[in-house]
Amino acid sequence: MAKSFLQQAKQFLAQKSKKRQAFFDREEELRTKITELDAKKSQITAEYDPTVGFDPKKLDDVDGEIEATQKELAVLTESKRNTPEYESTEVVEHIRTLKDEAESKLSTKRTAEEKQRDKIEKARQAYLEALAGHHSIKREVDEVKADANETLQQLSAPIKRHRDALLREVQALELESYRLAPDGSVSGNAPRSDNYQKQEIDAKIREIKREITELQSAQSEVVGGVAPLNSYRDNDYKHVYFLTDSEQKDAAERGKTE
């Protein structure tokens, strides 16, 4: 696969120009040579023997080589300082091709970004419409419940009157049953003449109370309905159906959706 201009430019930056590299190579050679000549000079000095004739030409030759090498190193250092790291013609070529390639890629990405914004806009509109739709359903449910309960209240008026009358009747029967309750005046198992009458009254009380319970259940209002959206929360008590600023920033700026 052919390298992109961006890859080529990065590779170019990782490499010094040939001429620049030649400076570094030659500088290393000269410094190595000076080190070796210094070692040779030290060896000549260390091997000096006064009993043997001394030839100063050996030291002169080494000093001459050191001096010549140092002069070249000084020239190289100055020249290297004035030589650009990269050839300008090479740099211009890489800059031009890199900018062209980057602009081509950016143009494609800008088109993709525009399409993504269109999706976001449509999703936003759909989200708002869904919220409004939920609100409409909740409002209709509340209206139905209110209308039903208002009508039930009107329908329950005669039931309430009948229930209240039954409650009064139960109170009267309970008082009568209380009066007929045994008071301990009869000993043993002797039957009381009013015991059967009390049992009938208690049975009547139970029957009336069952009727009262049925009437009360008929009077109960319509409950339940649709809860508001802000009542739905997850285990972290965050709203399930509302977007927060932090959630939008996480998605838009960090690419995070959870």
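Just a few scattered comments:
- Failed condition for residue 182, given (1) over 30 Å from residue 216 (Cβ atoms); (2) part of a helix (DSSP H, G or I): (2)
- Cβ-Cβ contacts under 9 Å between residues 6 or more apart (or on different chains), taken from a first residue in region 141-164 that is more than 16 Å from residue 226 (Cα to Cα) to a second residue that is open to solvent by 60 Å² or more (accessible area, probe 1.4 Å) and assigned to a helix (DSSP H, G or I), are listed as 159/216; 162/211; 163/211; 163/216.
- When the residues of region 208-226 are filtered to those that are open to solvent by 100 Å² or more (accessible area, probe 1.4 Å) and among the charged types (D, E, K, R), the one that is nearest to residue 142 (Cα to Cα) is 221.
- Exclusive hit being under 30 Å from residue 32 (Cα atoms) and outside any helix (DSSP H, G or I), set 83, 69: 83
- Some residue of region 136-149 being in a helix (DSSP H, G or I), within 30 Å of residue 197 (Cα to Cα), open to solvent by 90 Å² or more (accessible area, probe 1.4 Å) and at pLDDT 85 or above: no
The values are calculated or read from the model by the stated rules, or taken from the named source; none is laboratory data. No experiment lies behind these values; they were computed from the predicted model shown. A quick note on method: Cβ atoms are made from the backbone with ideal geometry, for glycine too, and the neighbour counts reach across all protein chains shown. Each accessible area value is taken on the protein alone, full model and side chains, heavy atoms only, with ligands, DNA and RNA left out. Shrake-Rupley method; radii C 1.70, N 1.55, O 1.52, S 1.80 Å.
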